[in-house]
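Peer 1: After the structure tokens below, expect a handful of questions from me.
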Amino acid sequence: MAPRNCALCKVSRAILKRPKTGQQICKECFFHVFETEVHNTITEANLFKLGDRVAIGASGGKDSTVLAYVMKTLNERYSYGLNLFLLSIDEGITGYRDDSLETVKRNQEQYKMPLKILSYDELYGWTMDAIVAQIGTKNNCTFCGVFRRQALDRGAVMLEVDHIVTGHNADDIAETVLMNIMRGDIARLGRCTSICTQGEDTIKRSKPFKYAYEKEIVMYAYFKKLDYFSTECIYSPEAYRGHARVFLKDLEAARPSTIIDIIHSGEAFEVKEEVKAVQKAQQTCRRCGYMSSNDLCKACTLLEGLERGAAAIAVTDKARRKLVTMEGGTIDTMRTIPYFQLPSHKAGVNSSGLASSSS
Ligand code: SF4
Ligand code: ZN
């Protein structure tokens, strides 16, 4: 078959088939359409304003690495006027997160963005390794998800940013729509497709890759030769989400627009008034001060469960010392964090709260 010319510029040789549209295009046109679509998503949703301080939730994986690169590119190309930071959470997963954080440290140098790393160990006194040792690998992702959400908020307060952007892509969102339908979780279904979420006390969060296909993100990273970490977490991902993922990939193979169509369907769901009425009013957690709809926030509820379990199985001295640190004595109150008490910083994080670039 004779080589085709690019369907967009009509000049260069087409070297790839675009997963989202099936068009045969050249590399340069692929970069351009991918970046322009993200720019359009950002401007149509009015995500940023001039001078915003924005933290990119960075795991070292493909999504957040491409996000950091594209945010930097668009910020320069379209003069968004943003101050960009990398914010990483160390869950304490030996052999996985420690390696991926090395990637983020290199990205910090490559993209010239300040980096802040916060660990579950310093925030909660527990690593995911310790949690899995105690509870096994059945509900570990529930713990990890709740802890990560709070950890990102705390990191954002430390960096004094207005906004956190995450690398959630179109496939992730379509999967979540399917999961919420399968579980009958109407309240979540009504809000899971929002590009931007912001509660009263919470920091604004958004997903500039809401309409970006996972396959295109991988392709972009590959052709741009970006430095990212591609190993999966050693604590197997949620089984239920796995079913939704496999189902979605099958549907995508039959009809690529399925992913966007599911997102559009999700966007059409509205939360009915009766459902809204049962959502509880916000208050603050009596243990840590984080916003919560109950006496204890979700993280503290989980922590109390872990601590009870730890006490029951006679915790090691090391773990006991950490619990004492979490609950009393040596906790420093961070000046920039009115509603949190955090354990004092670890070595490697300087007084500005940013990890030193030499580390
Ligand atoms: Fe955490 Fe689960 Fe993701 Fe591993 S797979 S990082 S345990 S949420
Ligand atoms: Zn709490």
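Each reported figure results from applying straightforward, stated rules to the coordinates on display, with no laboratory input. These numbers come from a predicted model, not from an experiment. When we count neighbours, we look across all protein chains shown, and the Cβ atoms used for this are built from the backbone with ideal geometry, even at glycine.
Peer 1: Cα convex hull of the stretch 29-279: how many Å³ per residue?
Peer 2: Once divided by residue count, the hull of the stretch 29-279 is 139 Å³.
Peer 1: P(r) for the stretch 1-128: what percent of alpha-carbon pairs falls in each 5 Å bin, starting at zero?
Peer 2: The percentages, shortest bin first, are 2, 9, 16, 16, 14, 13, 12, 9, 4, 2, 1, 0, 0.
Peer 1: Taking a spot 7 Å from the Cα of Glu37 along the direction of its beta carbon, which residues of the stretch 223-253 have an amide N less than 15 Å from it?
Peer 2: 252-253
Peer 1: Grab the Cα-Cα distance for Glu160 and Glu267, subtract it from 0.36 nm times how many residues apart they are, and report the gain in nm with one decimal.
Peer 2: 35.4 nm
Peer 1: Hull surface divided by four, with the convex hull built on the Cα atoms of the stretch 185-231: how many nm²?
Peer 2: Averaged projected area of the stretch 185-231's Cα convex hull equals 5.4 nm².
Peer 1: Let me ask something else about it. How far, in nm, would the chain grow between Glu44 and Thr73 when pulled straight, counting 0.36 nm per residue and subtracting the alpha carbon separation?
Peer 2: Taking Glu44 through Thr73 to full extension adds about 8.6 nm, to one decimal.
Peer 1: Compute the distance in nm between two label points, each set 7 Å from the Cα along the Cα-to-Cβ direction, one at Lys138 and one at Arg191.
Peer 2: Rounded to a tenth, the inter-label distance reads 2.9 nm.
Peer 1: Here is a follow-up. Calculate, in nm to one decimal, what Thr231 and Arg106 gain on full extension: separation in residues at 0.36 nm each, minus their alpha carbon distance.
Peer 2: 43.3 nm
Peer 1: Pop out the ³J(HN,Hα) list for the stretch 52-68 in order, Karplus 6.51 cos²θ - 1.76 cosθ + 1.60 with θ = phi - 60°, rounded to Hz; leave Gly and Pro as x.
Peer 2: Taking θ as phi minus 60°, the curve returns 4, 9, 10, 9, 9, x, 10, 9, x, x, 4, 4, 6, 5, 5, 4, 4 Hz for the stretch 52-68.
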